[in-house]
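Written out below as structure tokens is the structure these notes cover.
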Amino acid sequence: MNHLTQVDVIVIGGGIAGIGAAAMLSEHSSVVVLEAESQCGYHATGRSAAIYIPSYGGPEISQLTTDSETYLTTANDHSNGQSFLHERGEMLVACEGEEDTMTTHLAENTEPEEISLSEAIDLVPILNPKTVRRASIEKSARDIDTDLLLQSWIKLCRSQGGQIVTGQAVTSIRHEAETWTVKTKQQRFQAPIVINAAGAWADQVASLAGVKTVGLQPCRRSAALIPPPGDYDVNHWPLFGSVAKTWYAKPMSGKLMVSPADEDPVEPHDAYAEDMTIIEGIDRYERAVTMPVNRVEHNWAGLRTFAKDKVPVVGWDVNAEGFFWLAGQGGYGFQTAPAMSQLVARIINRETLSLKEDRLVDALAPLRFV
């Protein structure tokens with residue numbers, strides 16, 4: 001406990017949000033990332049559905065997603081010369097009783113377009129024409145290489161002098177004389193700025209620091225991996241699912257990941273899928289396809305953490321000098337990560353923001369809960 005590390009910024013949490021912020025800040029500041037697990041991205045980041053969907057989320061999410069596209073489609077030295085997005089597409093289907101939901105979906109979003117049932121079956125041949133009534137396609141939806149993005153930012157952070165410390169859970173946080181002292185069982189760290197990027201544990205980190213919580217709610221999202229249906233090559237199928245958000249399926253390494261699209265409120269923990277939730281999700285999936293699921297190879301779950309208004313909580317805490325919130329990304333963490341990380345760096349570096357950025361900062365600010 002005698003070892004003391006002094007830096008400009010301490011980031012608590014090594015998921016995509018914390019690592020992204022650290023990578024952007026490390027260009028001009030000394031930064032240390034503290035991750036409780038043995039590796040970065042262990043929880044929500046490592047269990048993401050890994051999809052970029054421009055129409056997914058409210059106006060703040062939409063802006064951040066759009067602003068992230070250029071970064072995600074541009075290769076760089078730390079990504080081994082590869083871009084982070086790959087063609088996929090998202091097809092939503094409406095079964096009996098869901099036709100009006102499809103009408104609303106198409107009216108509220110400009111990216112998706114309606115296609116005929118025969119066109120939908122051409123894209124996903126196992127769709128059941130007896131149960132599926134309508135379909136839409138969003139061609140701009142793409143896969144995100146989540147591991148490549150995370151690892152590229154880890155490389156960038158370290159190449160600029162940033163430190164990433166894993167396996168050290170924070171045990172205390174204290175503010176005194178304009179300095180935050182953050183302790184783990186092994187070390188002490190000091191900085192004038194602490195970024196709370198602890199995901200499902202962000203409210204707990206705030207409490208540890210004596211900062212009022214903002215009411216974040218972790219929600220479980222489950223998934224199961226099933227063999228490819230019949231002899232079909234699913235690799236080029238789009239992500240497809242219910243327009244009513246009761247299930248979705250996504251090609252993954254030649255197999256299909258099927259999710260019940262659950263969003264069950266839970267306490268922060270190392271999430272796992274419950275058997276009944278998986279069974280219900282597969283049952284809803286089977287109603288829309290012609291080939292039943294005979295075997296589940298693997299299942300898992302992750303936590304998506306939301307504020308009460310489903311908008312991320314990003315910005316300075318007005319009652320705790322130097323305490324910065326970066327939490328509540330919900331299911332939008334990866335598709336918004338580049339723009340979010342750049343915005344965080346600009347705020348913390350006290351840079352002049354554009355009018356659009358100012359409005360976004362106001363919308364994301366923790367002050368809205370005071």
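Worth pointing out:
- Scanning segment 273-310 for residues being in a helix (DSSP H, G or I) and either surrounded by fewer than 15 Cβ atoms within 10 Å (Cβ to Cβ) or hydroxyl-bearing (Ser, Thr, Tyr) (or both) gives a total of 6.
- Residue check for Glu263: in contact with a Gly (Cβ under 8 Å, 6 or more places away or on another chain) and not aliphatic (A, V, I, L, M): no
- Of all residues in segment 227-238, none satisfies the criterion of being buried (at least 20 other Cβ atoms within 10 Å of the Cβ) and either acidic (Asp, Glu) or under 25 Å from His43 (Cα atoms) (or both).
- Among (1) within 30 Å of Leu367 (Cα to Cα); (2) of a type in the set (Gly, Ala, Ser); (3) under 23 Å from the mean Cα position of the chain (by Cα), the one test that Ser222 misses: (1)
- In segment 183-198, residue nearest to Phe306 (Cα to Cα) [restricted to those that are within 26 Å of the chain's Cα centre (by Cα) and either hydroxyl-bearing (Ser, Thr, Tyr) or assigned to a strand (DSSP E or B) (or both)]: Asn196
- Taken over segment 54-70, the residue count meeting the criterion of being assigned to a helix (DSSP H, G or I) and either under 16 Å from the mean Cα position of the chain (by Cα) or within 24 Å of Leu106 (Cα to Cα) (or both) is 11.
- Positions within segment 25-66 being over 28 Å from Lys255 (Cβ atoms), of a type in the set (Asp, Glu) and either touching a strand residue (DSSP E or B) at 6+ places or on another chain (Cβ under 7 Å) or not assigned by TED's automatic domain parsing to the domain that holds Val314 (or both), in sequence order: Glu35
- Applying the criterion of being at pLDDT 95 or above, touching a Leu at 6+ places or on another chain (Cβ under 8 Å) and outside any helix (DSSP H, G or I) to the residues of segment 315-352, the residue that is nearest to Ile16 (Cα to Cα) is Ala327.
- Matching residues in segment 109-122 - criterion: being at pLDDT 95 or above and more than 17 Å from Trp247 (Cβ to Cβ): Pro112, Glu113, Glu114, Ile115, Ser116, Leu117, Ser118, Glu119, Ile121, Asp122
- Count of residues meeting criterion [among the polar types (S, T, N, Q) and either surrounded by 23 or more Cβ atoms within 10 Å (Cβ to Cβ) or closer than 25 Å to Val170 by Cβ (or both)] in segment 24-75: 9
So that you can scan it fast, the table gives a plain yes or no per residue for (1) in a loop (DSSP other than H, G, I, E, B); (2) not assigned by TED's automatic domain parsing to the domain that holds Asn235:
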{"position": "Lys130", "(1), (2)": "yes, no"}
{"position": "Val165", "(1), (2)": "no, yes"}
{"position": "Ala200", "(1), (2)": "no, yes"}
{"position": "Gly210", "(1), (2)": "yes, yes"}
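Matching residues to (1) among the hydrophobic types (A, V, I, L, M, F, W, C); (2) touching a Leu at 6+ places or on another chain (Cβ under 7 Å); (3) in contact (Cβ under 8 Å) with a residue 40 or more places away in the chain:
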{"position": "His28", "(1), (2), (3)": "no, no, yes"}
{"position": "Val32", "(1), (2), (3)": "yes, no, yes"}
{"position": "Ala36", "(1), (2), (3)": "yes, no, yes"}
{"position": "Ala50", "(1), (2), (3)": "yes, no, yes"}
{"position": "Gln82", "(1), (2), (3)": "no, yes, yes"}
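The values are calculated or read from the model by the stated rules, or taken from the named source; none is laboratory data. The shown structure was predicted, so the numbers you read here are calculated from the model rather than taken from an experiment. Backbone-built Cβ (ideal geometry, glycine too); neighbour counts: all protein chains shown.
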